[in-house]
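Below is one structure; the comments refer to it alone.
The values are calculated or read from the model by the stated rules, or taken from the named source; none is laboratory data. What you are looking at is a predicted structure, and each value in this text was computed from that prediction instead of being measured. Glycine gets a Cβ as well: all are built from the backbone with ideal geometry, and neighbour counts include every protein chain shown.
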Amino acid sequence: MNVFQIADGKNNSLWGKFGEIEYKLFVSDTDKKSKKDTKDKNKEKEENEKYILCGHCKNKITLPVYKKKIHESHEHTFLNPSGQVFNIGCFEKADGCISVGESIREWTWFYGYSWQVSLCGQCLKHLGWYYSTKLGQSFFGLILDTLI
Ligand SMILES: [Zn+2]
């Protein structure tokens with residue numbers, strides 16, 4: 001049995017020749033590593049695609065599966081008292097958010113719900129509001145422009 005090394009592309013793999021038949025004896029570490037890296041990168045990419053991220057710091061905020069319809073629609077457009085337009089998406093859960101301040105009933109955009117300010121749990125950017133009722137119903141209304 002002859003053992004020889006061939007360079008396939010950038011990687012050196014060890015081959016064995018037995019009679020006329022060639023066997024690849026092992027895959028060099030660089031070969032293995034590049035395969036693994038590609039796999040990890042793909043996996044990471046998939047993970048990132050699954051999550052909806054904070055547009056500022058890329059913190060994982062929520063997932064598309066948590067999109068929720070409130071008053072018949074996932075998306076809502078509102079004007080705040082100072083004339084700013086907000087495009088809001090409703091989500092059942094947003095684990096990447098922290099909600100701060102007291103629950104306020106006045107000026108709510110969703111009838112029957114009180115609101116709290118929701119910030120990105122990592123960079124503290126204002127991402128939207130957490131809405132809840134006394135009966136324990138709740139959702140996040142997140143400003144779609146702040147998410148990616
Ligand atoms: Zn953030």
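Taking every residue in the stretch 48-67 that is over 11 Å from ASP95 (Cα atoms) and pairing it with any residue that is within 10 Å of the ligand (Cβ to nearest atom) and among the hydroxyl-bearing types (Ser, Thr, Tyr), at least 6 positions away or on another chain, the pairs with Cβ-Cβ distances below 8 Å are CYS54/THR146; GLY55/THR146; HIS56/THR146. Pairing each residue of the stretch 109-128 that is of a type in the set (Lys, Arg) with any residue that is surrounded by 20 or more Cβ atoms within 10 Å (Cβ to Cβ) and not in a strand (DSSP E or B), provided the two are 6+ apart or on different chains, yields no C-beta distance under 9 Å. With respect to LYS39, determine if the residue is away from the ligand (no atom under 16 Å from the Cβ) and modelled with pLDDT of 95 or more. Taking the combined requirement at face value, the residue does not satisfy it.
Results for (1) more than 24 Å from CYS57 (Cβ to Cβ); (2) more than 16 Å from the ligand (Cβ to nearest atom); (3) exposed (fewer than 14 other Cβ atoms within 10 Å of the Cβ); (4) not aliphatic (A, V, I, L, M), shown as yes or no for each residue.
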position: THR77; (1), (2), (3), (4): yes, yes, yes, yes
position: CYS90; (1), (2), (3), (4): no, yes, no, yes
position: ALA94; (1), (2), (3), (4): no, no, no, no
position: GLY101; (1), (2), (3), (4): no, yes, yes, yes
position: PHE110; (1), (2), (3), (4): yes, yes, no, yes
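Tallying residues that are at pLDDT below 95, of a type in the set (A, V, I, L, M, F, W, C) and over 16 Å from PHE86 (Cβ atoms) within the stretch 105-134 yields 0.
Take PHE86 and decide whether it is aromatic (Phe, Trp, Tyr) and buried (at least 17 other Cβ atoms within 10 Å of the Cβ). Let's see the steps before the verdict.
Details: aromatic (Phe, Trp, Tyr): yes; buried (at least 17 other Cβ atoms within 10 Å of the Cβ): yes.
Considered against the rule, which asks whether it is aromatic (Phe, Trp, Tyr) and buried (at least 17 other Cβ atoms within 10 Å of the Cβ), PHE86 comes out as yes.
Return the residue satisfying two criteria in turn: it lies in the stretch 112-131 and is over 11 Å from CYS97 (Cβ atoms) and buried (at least 16 other Cβ atoms within 10 Å of the Cβ), and of such residues it is nearest to the chain's Cα centre (by Cα). Talk me through it step by step, then tell me what you get.
First pass over the stretch 112-131, keeping only residues over 11 Å from CYS97 (Cβ atoms): 112-115, 123, 131.
Now restrict to residues that are buried (at least 16 other Cβ atoms within 10 Å of the Cβ): 113-115, 131.
Details: TYR113: 27, SER114: 27, TRP115: 24, TYR131: 22 Å.
Selected residue: TYR131.
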